[in-house]
Amino acid sequence: MILLTSDTETKPTAAMRAAIAAAEVGDEQKHEDPTVLRLTGRVADLLGKEAALFVPSGTMCNVIAVRAHTQHGEVLLAERDSHVLRAEGGGAGMVSGVMTEPLESERGAFAPATLDAALDRIGALPSPYGPRPRLLCLENTHNFGGGTVWPQDRLDAVCETAHARGLKVHLDGARLMNAAVASGLSARRICEKVDTVWLDFTKGLGAPIGAVLAGSREFIAEARRLRQMVGGAMRQAGIAAAACLHALDHHVERLAEDHDNARRFAEGLQAIPGIRLVHGLPETNIVFFDPRAAGWTAADFAKAAASRGVKLVPVAGMIRAVTHLDVSRAQIDEALAAIRAMMGRG
Ligand SMILES: *Cc1c(COP(=O)(O)O)cnc(C)c1O
């Protein structure tokens, strides 16, 4: 099976498993796991923040960050189709009791004027009527925007506007390293103006468990308390952190291969009559396409592709394909051949 469903499909490589086996460990809840301490120190430095915390998942990073930045009843602003609003089971509402204000975007990114307009709308009634806007969450790359990279000047400008209007900015960096590799900017530069940020090790970086949340020392102390509250504090977590360190050493630069493969796949699809690339050619490792003009529903298309050995996921009437460590360039060509054959019969 060629697994184009998600970059979470990656399995630890033999070398990563060896790093896991060799990990020095201790009790992470007591700050005594040396491998976790190495990882958090390294990620804090990579992202240019004072401190960092190892967290079991990216979703938990968002849950913790939203709770740390807000009080119940305050407003979280985020792009309409962002993970924090669409894919976390309503966790921000459940745990933090925030109101949410969805923002329109072009493929995940928006201009400062969009933020200003939303804040003007929220604050249109004089206090004490309006709810209090508190936090802006951004996503880079943007998953449902098609793996798009925020233009850096736009990201910086949106952060400046948010800060000028009294908001904190939290960056969902599930695929931040994809953004860094695609843009040629350092991760530190990309998140220079955000207050808090995390990166996921279980996406393109290919580790089995873990995400690292970073911010000021004060924020991370509070995040540590909240991680305990939601049951995310771990024990001999160096087992997982060793895989993340290995990923930083060996799986960052190679993300460029995933981007090349996604582009190759998209170009191949584009040449098939009736297939439309929803967001144009990809900037990173995510391709959304729509087969309906060729007479296929997304669900039927995914089913037929699966029967030919290509696993794809239907999302909101479209198909999402994601390239990663466990998909080779040869498999991209095989997948395209399978789809062409299938459409010929369809
Ligand atoms: C995957 C993902 C998350 C959640 O990360 P998990 O580690 O799966 O919990 C959050 N945001 C974005 C943009 C993601 O793609």
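The values are calculated or read from the model by the stated rules, or taken from the named source; none is laboratory data. From a predicted model like this one, the values you see are computed outputs, not experimental measurements. Glycine also receives a Cβ, built like all others from the backbone with ideal geometry; neighbour counts cover every protein chain displayed. Heads up: the accessible areas ignore ligands, DNA and RNA and are worked out on the full protein's heavy atoms, side chains in. Shrake-Rupley method; radii C 1.70, N 1.55, O 1.52, S 1.80 Å.
Rolling a 1.4 angstrom probe over the protein heavy atoms, how many square angstrom per residue are accessible across the chain?
Here the residues of the chain average 41 Å² of exposed surface.
Quick check: the distance between the Cα centres of the range 3-17 and the range 31-64, to the nearest angstrom?
If we compute the Cα centre of each part, the gap is 21 Å.
Work from the charge dipole of the range 106-208 (Cβ charges, +1 for Lys and Arg, -1 for Asp and Glu, about the Cα centre) and give the residue of Ala117, Gly146, Ser127 farthest towards its positive end.
The residue sitting farthest along the positive end of the dipole is Ser127.
Is it possible to state the helix-based mean residue ellipticity at 222 nm for the chain, with each DSSP H run of 4+ residues giving -39500 (n - 2.57), the sum divided by total residues, to the nearest 500 deg cm²/dmol? What is it?
Computed mean residue ellipticity for the chain: -13000 deg cm²/dmol.
For the chain, set up a Gaussian network in which alpha carbons nearer than 10 Å are linked by springs, and say which option among Ala174, Ala293, Ala240 fluctuates the most.
Comparing Ala174, Ala293, Ala240 in a Gaussian network model of the chain, the most mobile one is Ala293.
Take Glu160 and Val313, extend 7 Å from each Cα along the Cα→Cβ direction, and tell me the distance between the two endpoints in nm.
3.7
Go through Val278, Ala316, Cys159 and say which Cα lies farthest out towards the positive end of the charge dipole of the chain; charges sit on Cβ, +1 for Lys and Arg, -1 for Asp and Glu.
Highest projection toward the positive end goes to Ala316.
Taking all pairs of distinct Cα atoms, average 1/r, flip it, and tell me the Kirkwood hydrodynamic radius of the range 254-342 in Å to one decimal place.
Details: mean 1/r = 0.0785 Å⁻¹.
Evaluated on the range 254-342, it is 12.7 Å.
Near Lys168, which lysines are there with a Cα under 19 Å away, not counting those fewer than 8 places off in the same chain?
Lys49, Lys193
Explain nothing, just the number: relative contact order of the chain, from Cα pairs under 8 Å at least 6 residues apart, as a whole percent.
Details: 709 pairs, mean separation 84.4, N = 346.
Across the chain, relative contact order equals 24 percent.
Using Cα springs under 10 Å in a Gaussian network model of the chain, which residue among His31, His324, His250 shows the largest mean-square fluctuation?
His31
Give or take rounding to whole Å, what are the principal axis extents of the alpha carbon atoms in the chain, in descending order?
61, 57, 34
Would you list Met16, Met343 from the most to the least accessible area, probe 1.4 Å?
From most exposed to least exposed: Met343, Met16.
Between Ala14 and Asp153, 0.36 nm times their residue separation minus their Cα-Cα distance comes to what?
46.0 nm
So how strong a dipole does the range 12-250 carry about its Cα centre when Lys and Arg Cβ are +1 and Asp and Glu Cβ are -1, to the nearest 20 debye?
Numbers: 25 positive and 27 negative charges, 57 e Å.
It works out to roughly 280 debye.
Percent of alpha carbon pairs in the range 100-181 separated by more than 21 Å?
That fraction is 29 percent.
Any chance you could look up the accessible area of Val230 with a 1.4 Å probe, heavy atoms only, rounded to 10 Å²?
About 50 Å², rounded to the nearest 10.
Accessible area, 1.4 Å probe, largest first: how do His279, His259 sort?
The ranking, largest first, comes out as His279, His259.
Heavy-atom accessible area of Asp200 with all protein chains present, probe 1.4 Å, nearest 10 Å²?
10
I need the phi-derived Karplus couplings for the range 16-26: 6.51 cos²θ - 1.76 cosθ + 1.60, θ = phi - 60°, integer Hz, Gly and Pro marked x.
Going residue by residue, I get 5, 5, 5, 5, 4, 4, 8, 5, 7, 10, x Hz, with x marking Gly and Pro.
Taking θ = phi - 60°, what integer Hz values does the Karplus form 6.51 cos²θ - 1.76 cosθ + 1.60 yield along the range 108-118, in sequence order, with x for Gly and Pro?
Whole-Hz 3J(HN,Hα) from phi for the range 108-118: x, 10, 9, 8, x, 4, 5, 5, 4, 5, 5.
Apply the Karplus parameterisation 6.51 cos²θ - 1.76 cosθ + 1.60, with θ equal to phi minus 60°, to every residue of the range 315-323 and state each ³J(HN,Hα) to the nearest whole Hz, in sequence, with x for glycine and proline.
Whole-Hz 3J(HN,Hα) from phi for the range 315-323: 9, 6, x, 10, 10, 10, 10, 10, 9.
Note down the net charge around Ala237, summing +1 for each Lys or Arg and -1 for each Asp or Glu among other residues with Cβ under 10 Å from its Cβ.
On the way: positive: Arg235; negative: Asp27, Glu28, Asp33.
After counting each charged neighbour, the total is -2.
Say a paramagnetic label sat at a point 7 Å from the Cα of Met229, along Cα to Cβ; which residues of the range 69-106 have their backbone N under 11 Å from it?
69-72, 95-97
So, R0 is 22 Å and r is the distance between the beta-carbons of Glu104 and Arg132; what FRET efficiency does that work out to, to 0.05?
Calculated value: 0.50.
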